[in-house]
Amino acid sequence: MSDQKTRQWVREALMSLPDKTRNKNLTGALARYAVMAEQSRDSFRFALRLADLVKTVFVDSTFPTLVDRVRKAGNNARTCGKDISKGMEAVAKKTFEERMISIKEFATAASKPVAEIWAEKLAAEIRAYEQVGRIVADRGLPGGAQLNKKLGELGSRSSIPPQDEKDAADLTGRLRGLPQEVKALGLTGKAGNFLVAAAEGRGSPRDLEEPEVRELIDRYRLWSSLLVTMGPRK
């Protein structure tokens with residue numbers, strides 16, 4: 001190679017270094033964002049599946065926070081996609097990085113509101129039965145220990161939402177079986193009949209006029225556990 005060609009080659013090589021470094025940086029950033037996108041996708045899929053499992057047990061469940069996070073992450077993802085379509089240089093912009101970080105944060109926190117709804121629904125569902133459990137324990141009624149054991153097992157699931165369809169079906173069956181558990185306790189008298197009827201979702205407001213019923217409610221502080229409904233229980 002002549003001295004002139006050597007100098008030309010060196011000159012071109014030196015001039016190309018910034019572009020090579022720049023392309024390497026862009027490729028690295030794009031690869032990093034691709035990993036973030038895949039992790040975010042998986043997190044959202046898990047949260048949405050979890051929401052479906054919770055709805056299997058409590059059909060009236062809604063998840064507005066999850067929906068909002070999915071919507072905002074989707075908007076950011078679409079904007080990032082449009083930016084990349086105009087040129088790979090988009091990944092080097094601060095706004096691109098901020099959107100990707102936002103997507104990741106939305107995805108990471110996606111399951112939390114679902115778990116919170118589950119805990120609230122489960123606690124509300126078994127609260128009245130826990131009060132009944134206290135009553136039968138105080139009175140030493142047969143079956144009370146078994147009821148309280150089942151309630152304890154259900155209560156321990158407050159931080160553990162359904163894991164799969166089978167688990168959701170099992171939890172649904174156990175919750176729906178609670179009224180029959182109460183009925184089998186052998187509660188007697190007007191107060192006992194009231195508790196059984198209330199557990200089965202057919203309690204009458206007129207029962208509250210009975211002194212025996214009111215005395216029971218006052219003694220065990222059951223007023224906050226009473227649910228008034230104008231139609232059949234769902």
Dipole of segment 122-225, positive direction: furthest Cα of V136, P162, G152, with charges on the beta-carbon = V136
request  = Could you tell me whether segment 145-185 comes out rounded, prolate or oblate from its Cα gyration tensor? Rule is a ≥ b ≥ c as square roots of the eigenvalues, rounded for a/c under 1.5, then prolate if a/b exceeds b/c, otherwise oblate.
outcome  = oblate
For segment 99-113, 3J(HN,Hα) per residue [Karplus equation, 6.51 cos²θ - 1.76 cosθ + 1.60, θ = phi - 60°, Hz, x = Gly/Pro] = 5, 5, 5, 5, 4, 4, 5, 4, 5, 4, 8, 5, 7, 4, x
note = Full extension between E120 and K166 adds, at 0.36 nm per residue less the Cα distance, a length in nm of 14.4 nm
query = Counting Lys and Arg as +1 and Asp and Glu as -1, each charge on the Cβ, what is the dipole of segment 109-198 about the Cα centre in debye, to the nearest 20?
reply = 340 debye
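Bear in mind that the values in this text are calculations on the coordinates, not laboratory data. From a predicted model like this one, the values you see are computed outputs, not experimental measurements. Quick reminder, even Gly has a Cβ in these numbers, built from the backbone with ideal geometry, and neighbours come from all protein chains shown.
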